[in-house]
Amino acid sequence: PYTPLFRSTPTARSTDYRIAVDRSYADFAVRLLWLHTINGRFMHVAGQLRIDPHGLATVDARIAVNSVVTDSARFRRWMLAPEFFDAAHYRTIHFMSAPVALSVLSSGGALDGQLSMRGVTRPIRFELMPSTCAAIAAGDCVIEAHGTLARGEFGMNSHRTARAVHVQLGLRIALSPAAE
């Protein structure tokens, strides 16, 4: 039977869960001038989800920029270049959420936080999808979220063929118990 992972009752102490790198990823899509959309996926997302003694959860996710994959080697080089992610200087994208009630992680809703990319940190809001986590110990807990960022706010406005001002983002975070 289904047992909800995210209880609404406070815990006696903090509980940490790690982001399972092998089952987590971050997606993005940006529209180009010639009406083509580049879709990419970062294959290395690491970090943790911490549940504090008051029953609030915080997500701390780090994305390795050089783990990006696209349909084309040319687009991948372009994404890693200085006008986009500038992987030579900024190796990590970091998201730190504000504390959120556990009920939001299960039922869905807003997940606010700070996104740091290319040396710039800005507030961002993700929309959490309802989660059907049965138990983290079983390794079948996945949190999904979607959001949008204005690429110019992170200094990604120099390439004239990138038509869209906004970039669509998606996170798929699989959780596992943290090592004791």
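Numbers at a glance
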item	result
Output for region 34-45, where each listed residue is open to solvent by 30 Å² or more (accessible area, probe 1.4 Å) and either in contact (Cβ under 8 Å) with a residue 60 or more places away in the chain or of a type outside the set (Val, Ile, Thr) (or both)	TRP34, LEU35, HIS36, ASN39, ARG41, MET43, HIS44
Looking only at region 83-98, and only at residues there that are part of a loop (DSSP other than H, G, I, E, B), modelled with pLDDT of 95 or more and of a type outside the set (A, V, I, L, M), the one that is farthest from ALA46 (Cα to Cα)	HIS89
Among residues of region 99-139, those that are touching a helix residue (DSSP H, G or I) at 6+ places or on another chain (Cβ under 8 Å), open to solvent by 60 Å² or more (accessible area, probe 1.4 Å) and modelled with pLDDT under 95, counted	1
Matching entry among PHE84, PHE126 (being more than 20 Å from ASN157 (Cα to Cα) and among the aromatic types (Phe, Trp, Tyr))	PHE126
Test: VAL142 is open to solvent by 30 Å² or more (accessible area, probe 1.4 Å), modelled with pLDDT under 95 and at negative phi	yes
Region 63-82 - residue that is outside any helix (DSSP H, G or I) and β-branched (Val, Ile, Thr) and, of those, surrounded by the fewest Cβ atoms within 10 Å (Cβ to Cβ)	VAL69
Candidates VAL65, VAL59, filtered to the one that is touching a helix residue (DSSP H, G or I) at 6+ places or on another chain (Cβ under 8 Å) and aliphatic (A, V, I, L, M)	VAL65
Output for region 86-98, where each listed residue is of a type in the set (A, V, I, L, M), open to solvent by 20 Å² or more (accessible area, probe 1.4 Å) and out of contact with any Gly (no Cβ under 9 Å at 6 or more places or on another chain)	ALA88
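The values are calculated or read from the model by the stated rules, or taken from the named source; none is laboratory data. Owing to the predicted nature of the structure, the values given are computational and were not obtained by experimental measurement. As a convention, Cβ positions derive from the backbone with ideal geometry for all residues, glycine included, and neighbour counts pool all protein chains shown. Heads up: the accessible areas ignore ligands, DNA and RNA and are worked out on the full protein's heavy atoms, side chains in. Shrake-Rupley method; radii C 1.70, N 1.55, O 1.52, S 1.80 Å.
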